[in-house]
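First up is the structure itself, then whatever we jot down about it.
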Amino acid sequence: MSNRIIIEALSGSYEAVTGERILEKELPPLLSRFSSDKLFLLVDEKVWNFHETRLTSILEPLSAELHIMQVPSGENSKSIGFWTQAVDFLLSRQVRRNTPVIVAGGGVAGDAGGFAAAATLRGVPLIHLPTTLLAMVDSSIGGKTGINHEAGKNLIGAFYQPAGVIADTAFLSTLPEREWINGLSEILKYGAIRDATIFDDASFFLDHDFRHQVSPDSLSRLISKCIRVKADVVKQDEFESGERAFLNFGHTFAHALEKACSYNTISHGEAVFLGMLAAQKLSNLEGGNVSGDFIEKFSGLYQYRVPKEALSFNEIISYMESDKKRTDKQLRFVLLKEWQHPELKSVLNYRHIEKSAEAIFEQLA
Ligand SMILES: NC(=O)c1ccc[n+]([C@@H]2O[C@H](COP(=O)([O-])OP(=O)(O)OC[C@H]3O[C@@H](n4cnc5c(N)ncnc54)[C@H](O)[C@@H]3O)[C@@H](O)[C@H]2O)c1
């Protein structure tokens, strides 16, 4: 079974397809739209190690000239250095305006490879093959590409929509459990801001050995629900002037936590989960009515490497403040009036922020 979602963007609509072992069927018609004798694959190195045989058996028959570049695993690939190498790779092998560039990997490969495709020749056709849960539900959808700068994360980049997204859940068979849990945080975010049924659908995560217990169809359906929420939000606000900010539920706290941990001892997904717990508490302190443990019941799945003593509220707030300088005069949060009713709100009462941050410290050992 496969699920198809149309993503409407100003530069044109494209389709995201989810399902188990769908790449064989879905890729040929997508590639046939570009009359090119060349094909590029930028692929996360771990994905290549696990899936080289399958990928080459699918791709080689589809192009007279296949060029493959591996993307080293890890956030360091979202760097100007790697991005330059990727652009050099494409240009030195005579990429043309109609040459498809497939990017296979998680959010790192997708963001960096996507930005290389966006900038080379002012844009060559990009196809995302997300291979992490996070990339399937989030980063491959919506057209944000980019790399990091020493001044901060994701500070260089472009809005560049792909020609198509194929989320083949067979790739997830090799994804470590910790990375599944990272993806869960973004899934719960969609449940919180838009679609309550996502909380129920995600409850398989609470089963022992959930990675092997979940059926491919349920997984594909859950991923497609998440993509649908993101597609809907992006359609309303492609360039993030308003509603797209709702996708940042939990992220104001999360970004500060990631910075406080030097992007090292906490993963983005872990930080987002903690950030959502704090944002739920802050929502209630700021007049919302957000009860129930729809998110908290997943707490046991997260295993933090950062001890409580390594963080302080003052540090967290100072990182929020430094973020604030780039955007607004006041600290702004995505809060919930009720579940599935987000709002963007400036919070003036620092005591409320401090009380909400307790939800973070309670989770750490
Ligand atoms: N563009 C956007 O809209 C957007 C949205 C959310 C996050 N992001 C970005 O996404 C990045 C995080 O993405 P991520 O969580 O996918 O991390 P990631 O790309 O670093 O992948 C996580 C790990 O899983 C490995 N991996 C990938 N696929 C695998 C597979 N199928 N089997 C085994 N191992 C595999 C990778 O090598 C890596 O070690 C961050 O840089 C974040 O800023 C972007």
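Going down the list 46/78; 259/329; 259/281; 235/259, which pairs span over 25 Å between their C-alpha atoms?
235/259
Calculate one ³J(HN,Hα) per residue across region 115-126 by plugging θ = phi - 60° into the Karplus curve 6.51 cos²θ - 1.76 cosθ + 1.60, and present them in order as whole Hz with x for glycine and proline.
Whole-Hz 3J(HN,Hα) from phi for region 115-126: 6, 5, 5, 5, 8, 5, 6, 6, x, 10, x, 10.
Enter the Cα centre distance for the pair region 115-188 and region 239-260, rounded to the nearest angstrom.
17 Å
Using a 10 Å cut-off on Cβ atoms, rank the peptides 300-311, 159-170 from the highest mean neighbour count down.
Taking the mean over residues of other Cβ atoms within 10 Å, the ranking is 159-170, 300-311.
If R0 is 22 Å, what FRET efficiency do you get for residue 354 and residue 309 from their C-beta distance, rounded to 0.05?
0.80
Extending each Cα 7 Å along its Cβ direction at residue 53 and residue 153, get the distance between those two points in nm, one decimal.
Simple spin-label model gives 3.6 nm for this pair.
Along the Cα→Cβ direction, 7 angstrom out, place labels at residue 263 and residue 289. What is the inter-label distance in nm?
For residue 263 paired with residue 289, the spin-label model returns 4.2 nm.
In Å², what does the accessible area per residue of the chain work out to with a 1.4 Å probe?
In whole numbers, the chain has 42 Å² accessible per residue.
What order, most packed first, do the peptides 132-139, 345-352, 118-125, 239-246 have when packing is the mean number of other Cβ atoms within 10 Å of each residue?
Ranked by mean Cβ neighbours within 10 Å, highest first: 132-139, 118-125, 239-246, 345-352.
Counting Lys +1, Arg +1, Asp -1, Glu -1, what net charge surrounds residue 167 among other residues with beta carbon under 13 Å of its beta carbon?
Surrounding charge for residue 167 is +1.
May I ask you to give the percent of accessible area on the chain that is carbon plus sulfur, with a probe radius of 1.4 Å?
48 percent
Quick one: compute the contact order of the chain, relative version, from alpha carbon pairs under 8 angstrom and 6+ residues apart, as a percent.
15 percent.
The values are calculated or read from the model by the stated rules, or taken from the named source; none is laboratory data. Worth saying up front: this structure is predicted, and the values here are computed from it rather than measured. In this analysis, Cβ positions are derived from the backbone assuming ideal geometry, glycine residues included, and neighbour counts consider all displayed protein chains. The area values use the complete protein model at the heavy-atom level, side chains included, leaving out ligands, DNA and RNA. Shrake-Rupley method; radii C 1.70, N 1.55, O 1.52, S 1.80 Å.
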